[in-house]
Amino acid sequence: MVERKEYLEKLKLWKDEQVIKVVTGIRRCGKSTLLMQYQDYLKQSGVDADRIIAINFEELEYEELLDYKKLYAYLKERLVAGKTTYIFLDEIQKVPDFEKVVDSLYVKPNVDIYITGSNAYLLSGDLATLLTGRYVELRMLPLSFQEFLAITELDAERGLAEYLRNGALPY
């Protein structure tokens, strides 16, 4: 698993801040992996697993939660009273009217929300209007040349040839 340290550090800076963390980027750039790494960081920092709710809407087991009312009920039922609950909603744009869920959770105390999806879906139209001033966007890019070199442990000359041949997507 490729650790995207720069992006992970940015998420850490926003931990427990009263803003919705929106991770955007092209397919396969590592958004889902980043959320998993951040969840591991939370657990290593002493956050109990029951305070972390993670849903990837590309997984079939969450198909029932594609209804925004069912999703909201599911999440609300799992909030831990008196302690921060961390909610991760991966590929949230697959849920019609998801912005209603996100907005409703945002106004609850002790909720820290992280969502991923594509720029075109997440920050256009209703969501951008509804969440103005309530979110921070973290735009993920494919691997930089420096990240590629660090991962592959190649020298700059050989690394450039491989980078150009294979591309900058983590996998």
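The values are calculated or read from the model by the stated rules, or taken from the named source; none is laboratory data. Every value quoted in this text rests on a predicted model; they were computed, and no experiment measured them. Note: ideal-geometry Cβ built from the backbone for every residue, glycine included; neighbour counts use all protein chains shown. When the accessible area is computed, the model is the full protein with side chains, heavy atoms only, and any ligands, DNA or RNA have been set aside. Shrake-Rupley method; radii C 1.70, N 1.55, O 1.52, S 1.80 Å.
Taking the protein heavy atoms of the chain in the context of the full set of protein chains, the accessible area attributed to carbon and sulfur is 50 percent at 1.4 Å. Between amide H atoms placed 1.01 Å from N, distances below 5 Å from Leu138 occur with Val22, Val23, Thr24, all of them 5 or more places distant or on a separate chain. Simple rule: put +1 on each Lys or Arg Cβ and -1 on each Asp or Glu Cβ in the chain, find the dipole, and look at Tyr62, Val22, Gly133; the Cα lying farthest toward the positive end is Gly133.
So with the 1.4 Å probe, I'd like the accessible area per residue for the chain, rounded to whole Å².
Ligands and nucleic acids excluded, the result is 56 Å² per residue.
Compute the long axis of helix 156-166 from its Cα atoms, compare it with the longest principal axis of the Cα atoms of the chain, and write down the angle in degrees, 0 to 90, nearest 10. Between the helix axis and the principal axis of the chain, the angle is about 60 degrees.
With the cut-off at 1.5 for a/c, could you classify segment 20-70 from its C-alpha gyration tensor as rounded, prolate or oblate? Cα axes put segment 20-70 in the oblate bin. Taking the 0 to 90 degree range and rounding to the nearest ten, how far is the long axis of helix 5-14 tilted relative to the main principal axis of the chain, both from C-alpha atoms? Roughly 30 degrees between the two axes. Dipole size of the chain about its Cα centre, with +1 on Lys/Arg Cβ and -1 on Asp/Glu Cβ: approximately 340 debye, rounded to the nearest 20.
Each helix, a run of at least 4 DSSP H residues, gives -39500 (n - 2.57); summed and divided by the residues of the chain, these come to -12000 deg cm²/dmol at 222 nm. On a 0 to 90 degree scale, rounded to 10, what angle separates helix 31-44 from the longest Cα axis of the chain? With both axes taken from Cα atoms, the answer is about 70 degrees.
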